[in-house]
Amino acid sequence: MNIILLGPPGAGKGTQARHLVDTRDMVQLSTGDMLREAKDSGTEMGKMVADVMARGDLVTDEIVIGLIREKLEDQTDHGGFIFDGFPRTLAQATALDELLKAAGKPLDHVIELGVNDEALVARIAGRSTCGNCGEVYHDVTKPQPADGKCVKCGSTDFKRRADDNEESLRNRLMEYYKKTSPLLGYYYAHELLRRVDGLAEIDDVQGDIAAILNDPA
Ligand code: AP5
């Protein structure tokens, strides 16, 4: 089963994708994580995208489609792929259709995590991640453990993202509304769009997504 998690910054795409990796042996393909990895390892492409990401603008379609193409060629899909943060433009959506068609893989569901801007600001402001395994925390809703060790891997290295500030978030939201939200219509027309309440508790969102994935219809 191959799915897209669609929603604005902070909607919970990464949090839900990691749960699906743990529980369903799915493979998470997060273009945000791939770009941050390139930036941290100092590749030419990483240097090119660093400022764009810090501002909260979108990286070019060519770069991100190239990243996804490579992953689809290299990676075995186990329980299926979760596209997290990709596609974000209509050009990326049509490129993904072609890549999946060429690989003989279906796109089963596009799941929109519905949230509101107020909640997004609070979520982004409180987010931290484990620098070793990427587990996502939140100062209020999922605080780092009292012993200072990541629940998943025991690391004590926690990070906050460079683009998790108010100015960049405002820009990321504008990019979402201008360039990514038209994909809701695109996937609705393809009868693939499903919606869950992203404002619900993390466990409840997990349950709602599981219900969609378990639905044979
Ligand atoms: P990317 O890394 O994809 O960031 P994003 O889309 O802005 O999404 P986030 O990672 O910020 O949020 P999320 O929805 O995963 O939320 P999370 O689960 O962490 O992209 C970063 C940048 O890379 C872009 O701005 C762009 O420059 C570039 N880029 C990436 N892909 C691109 C593409 N395809 N094309 C062009 N450019 C691209 O949750 C957030 C917080 O909320 C956490 O603290 C979490 O604990 C908490 N939380 C989650 N769910 C809940 C809940 N239900 N209730 C309460 N708290 C919750």
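Take the conditions more than 17 Å from ASN2 (Cα to Cα) and either in a helix (DSSP H, G or I) or not acidic (Asp, Glu) (or both) and apply them to GLU37. Does it pass? Can you show your working first?
Working: more than 17 Å from ASN2 (Cα to Cα): yes; either in a helix (DSSP H, G or I) or not acidic (Asp, Glu) (or both): yes.
Considered against the rule, which asks whether it is more than 17 Å from ASN2 (Cα to Cα) and either in a helix (DSSP H, G or I) or not acidic (Asp, Glu) (or both), GLU37 comes out as yes.
Go through region 28-46 and count every residue that is more than 25 Å from MET174 (Cβ to Cβ) and modelled with pLDDT of 95 or more.
1
Do any residues in region 125-141 that are modelled with pLDDT of 90 or more and near the ligand (Cβ under 8 Å from one of its atoms) have Cβ atoms under 6 Å from those of residues that are part of a strand (DSSP E or B) and charged (D, E, K, R), where the two are at least six apart or on different chains, and which pairs are they?
Hits for this filter: THR129/LYS159; HIS138/ARG127.
For GLU112, all conditions in the list (1) in contact with a Leu (Cβ under 7 Å, 6 or more places away or on another chain); (2) among the acidic types (Asp, Glu); (3) part of a helix (DSSP H, G or I) hold save one; what is the number of the exception?
(3)
Select from region 172-188 the residues that are among the aliphatic types (A, V, I, L, M) and open to solvent by 80 Å² or more (accessible area, probe 1.4 Å) and list them in ascending order. Walk me through it before giving the result.
Taking region 172-188 and keeping what is among the aliphatic types (A, V, I, L, M), we get 173-174, 183-184.
Passing the criteria: only MET174.
Cβ-Cβ under 6 Å, sequence separation 6+ or interchain: first residue in region 184-208 and in contact (Cβ under 8 Å) with a residue 40 or more places away in the chain, partner acidic (Asp, Glu). Which pairs?
Between residues of region 184-208 that are in contact (Cβ under 8 Å) with a residue 40 or more places away in the chain and residues that are acidic (Asp, Glu), the close pairs are ARG195/GLU112; VAL196/ASP208.
Identify, please: which residue in region 31-71 is within 16 Å of the chain's Cα centre (by Cα), open to solvent by 40 Å² or more (accessible area, probe 1.4 Å) and not acidic (Asp, Glu) and is, among those, nearest to the ligand (Cβ to nearest atom)?
Restricting to residues being within 16 Å of the chain's Cα centre (by Cα), open to solvent by 40 Å² or more (accessible area, probe 1.4 Å) and not acidic (Asp, Glu), the top hit is LEU58.
Checking the condition within 8 Å of the ligand (Cβ to nearest atom) and touching a residue at least 40 places away in the same chain (Cβ under 8 Å), which residue from GLN75, GLN28, GLN16 passes?
On the way: GLN75 fails: within 8 Å of the ligand (Cβ to nearest atom); GLN28 fails: within 8 Å of the ligand (Cβ to nearest atom).
Exactly one of GLN75, GLN28, GLN16 is within 8 Å of the ligand (Cβ to nearest atom) and touching a residue at least 40 places away in the same chain (Cβ under 8 Å), namely GLN16.
Check off (1) among the aromatic types (Phe, Trp, Tyr); (2) touching a Ser or Thr at 6+ places or on another chain (Cβ under 8 Å); (3) more than 7 Å from the ligand (Cβ to nearest atom) for PHE86 and give me the number that stays unchecked.
(3)
Can you tell me how many residues within region 40-62 are over 20 Å from ALA103 (Cβ atoms) and in a helix (DSSP H, G or I)?
Taking region 40-62 first, the residues over 20 Å from ALA103 (Cβ atoms) are 40-60.
Pick out the ones that are also in a helix (DSSP H, G or I) and you get 40, 44-55.
Qualifying residue count for the region: 13.
How many residues are within 19 Å of VAL21 (Cβ to Cβ) and either assigned to a loop (DSSP other than H, G, I, E, B) or open to solvent by 70 Å² or more (accessible area, probe 1.4 Å) (or both) when one looks only at region 129-171?
Final tally of qualifying residues: 11.
The values are calculated or read from the model by the stated rules, or taken from the named source; none is laboratory data. For clarity, every value in this text was computed on a predicted model and none was experimentally measured. Here the Cβ is made from the backbone with ideal geometry for all residues, glycine too, and neighbour counts use every protein chain on show. Areas reflect the complete protein model, heavy atoms only, side chains present, ligands, DNA and RNA absent. Shrake-Rupley method; radii C 1.70, N 1.55, O 1.52, S 1.80 Å.
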